[in-house]
1. Once fully extended, how much extra length lies between Thr34 and His142, figured as 0.36 nm per residue of separation less the alpha-carbon to alpha-carbon distance?
2. Top mean-square fluctuation among Met170, Met237, Met15, Gaussian network model of the chain, C-alpha springs under 10 Å?
3. Under a crude label model (7 Å from the Cα following the beta-carbon direction), how far is Val254 from Met102 in nanometres?
4. Compare Met120, Met47, Met102 in a GNM of the chain, Cα atoms joined below 10 Å, and give the one with the largest fluctuation.
5. Compute log10 of I(q)/I(0) for the chain with the Debye formula, placing one identical point scatterer on every Cα and leaving out solvent, at q = 0.13, 0.14 Å⁻¹, to two decimals.
6. Just going by the charge dipole of the chain, with Lys and Arg at +1 and Asp and Glu at -1 on Cβ, which of Pro20, Phe150, Met215 is farthest out on the positive end?
7. If R₀ is 35 angstrom, what is the calculated FRET efficiency for the pair Val89 and Tyr266, using the beta carbon separation as r and rounding to 0.05?
8. Of Phe59, Phe123, Phe228, which has the largest mean-square fluctuation in a 10 Å C-alpha GNM of the chain?
Amino acid sequence: MPFVQLVVLALVQGMAEFLPISSSGHLILVPVLTGWPDQGLILDVAMHVGTLVAVCLYFWRDLWRILLDLPSLIQGRPKPGAKLALYLVVATIPAVIAGLAMRHYVGDAIRNPALVGWAMVGFAVVLYVIDRFGLTIWRLEHITLGQALFIGVMQCLAFIPGTSRSGVTMVAGRLLGYERAEAARFSMLLSIPAIVAAGGKEGWELYQTGDAGLMSDALIGMGLSAFFGLIAIAFLMYWLKRATFTPFVIYRLVVGGAVLVYVYRYMG
C-alpha cells in the first residue's frame, strides 16, 4: 500500500477513534472518496491497535492504579482501581458477544456509505440532545456495576458504522449524569479491552496469512495511528473540561449530509 494512503488512514483512525465522529465510518468513506481500494478489515483493526497504544500512554496513571489495586479483588475488599477494572470488564462483555455475532452473520456487508451517512446525521441529533439536557453531577468514582453494564450494552450500537464507539459510550455516560470529561475518560479506558479483543483475533489471522507486505503495512499504520491518537485524546480531554460536544455535532451533520448527497446523487 502507498505510504501516503497509510498516513491518511492512520490520521483518520487516530483522530476519529476518540472523537465522537466515528472512525469506522471515516475508514469506510476514505476509499469511496479517494478511489483507493478498500484497505480491508485487517488494516482497520491494525489502526485500532495503534490507538490502543495511544490510550495506554495517556491514561497510564489509571492503568497503574488498576494494576496496583487488582490484588484487593482476591481479598474481598476491592479498592477503587480494582472496581474500575471490574466495571470495564462488565461493560466489555456485551460488545464481545455482539461483535462475534456481527462477524459471523454480517461480516463486511455493513460497510455501506449510505448507512454511514444516515448514522452520522442521526447520532448527531442524539449527541446534541443528551449533552444539552443531561445532568452533569457525577464523576468516575461514582460509577456502579449497573451503570457500567448499561454503557456496555449501549456500546454495541457502535457496530453500526457512523455511530462512533466513543460517541455512543460518552452519550451513555452523559445520559447517566456524568461530567463530560469523566464520561470521556471511561469511554477511553473502555476502548482498551474492546481493541485488545478485536486486535488479537485479527492479528492472529494476519500472522496465519504470512503476508509480509500486509504485515509491514499494518505495523506502519499502527505506529502512525498511535501518534495521531495521542494528539486526539489530549485535545478532547482538554476541550471537554471547558466546553460541550456541539462542534462534533456540527461536524457530524455536515459530513453525514455531504455523504448522503454524494451517495444518492453520484452513486445511486
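Values in this text are rule-based calculations from the coordinates and carry no lab data. Values in this document were obtained by computation on a predicted structure and should not be read as measured data. Quick reminder, even Gly has a Cβ in these numbers, built from the backbone with ideal geometry, and neighbours come from all protein chains shown.
1. The span from Thr34 to His142 would gain 34.3 nm if fully extended.
2. Fluctuation is largest for Met237.
3. For Val254 paired with Met102, the spin-label model returns 2.7 nm.
4. Met102
5. -0.83, -0.97
6. Phe150
7. Efficiency, rounded to the nearest 0.05: 0.20.
8. In this elastic network of the chain, the residue with the biggest mean-square fluctuation among Phe59, Phe123, Phe228 is Phe59.
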